[in-house]
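Worksheet: one structure, shown below.
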Amino acid sequence: GELLIVPYDVSRSPQDFHALLCDAGVTVLNQTPSAFKQLMHVACADQRANALRYVVFGGEALDVKSLRPWFERFGDQAPQLINMYGITETTVHVTYRPLSLVDLELEASSPIGEPITDLSWYLLDGDLNPVPKGCIGELYVGRAGLARG
């Protein structure tokens, strides 16, 4: 596949950006949730077909409930929307969560999913003890994805 770098002026116009996605046949889009929200409103109103297979979110917290118009227009399978979570101390992403219509009804506003296969994670209390499921703690990440230092 090819990598398409969006020209700056196109990235500032949801209408132009959507036209580029459709015209270029983009299949995988990686975008922040706030940028996607603007694009979503254009895509939902446009009758043109897109070639998207995956939309990957990262860079900021995702409010899943804000995706309702997208799911109502395109469903939750094609394209598949994926929320990825990462923190500064990791190389990029730590977790992966395919999203579905069911997620619109969950209490969690931004479900982060499961660790990527070469990582491990632990939810620990202030004394570094594991917290019970459903309790608040701090996320610790281990193995290959950590940045040095």
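Taking other C-beta atoms within 10 Å as the exposure proxy, His93, His41 rank His41, His93 from fewest upward.
Cα axis of helix 33-45 to longest principal axis of the chain: angle in degrees, 0 to 90, nearest 10? Once rounded, one gets 30 degrees.
Order of Ile112, Ile136 from fewest to most other C-beta atoms within 10 Å?
Values: Ile112 19, Ile136 7.
Lowest count first: Ile136, Ile112.
Note on the chain: percent of Cα-Cα distances in each 5 Å bin, starting at 0 and stopping at the bin with the largest distance, equals 2, 9, 16, 19, 18, 14, 10, 6, 4, 2, 0.
Dipole of segment 9-106 computed with +1 at Lys/Arg Cβ and -1 at Asp/Glu Cβ about the Cα centre; of Ser34, Phe57, Ser100, farthest Cα towards the positive end is Ser100. Is segment 17-57 best put as rounded, prolate or oblate by its Cα gyration tensor, with a ≥ b ≥ c the root eigenvalues, rounded for a/c under 1.5, and otherwise prolate when a/b is larger than b/c, oblate when not? Oblate, because a/c is 1.5 or more while a/b does not exceed b/c.
Each semi-axis of the equivalent ellipsoid for segment 62-133 is √(5λ) with λ an eigenvalue of the Cα gyration tensor; in descending order they amount to 27, 15, 10 Å.
Against the main long axis of the alpha-carbon atoms of the chain, helix 14-24 sits at an angle near 80°. Counting only DSSP beta bridges with both residues in the chain, the antiparallel share comes to about 65 percent.
Read-outs: derived from the displayed coordinates by stated rules, not from any lab. Note that the structure is predicted; figures quoted are calculated from it, not measured. Please note: Cβ atoms are built from the backbone with ideal geometry, for glycine as well, and neighbour counts cover all protein chains shown.
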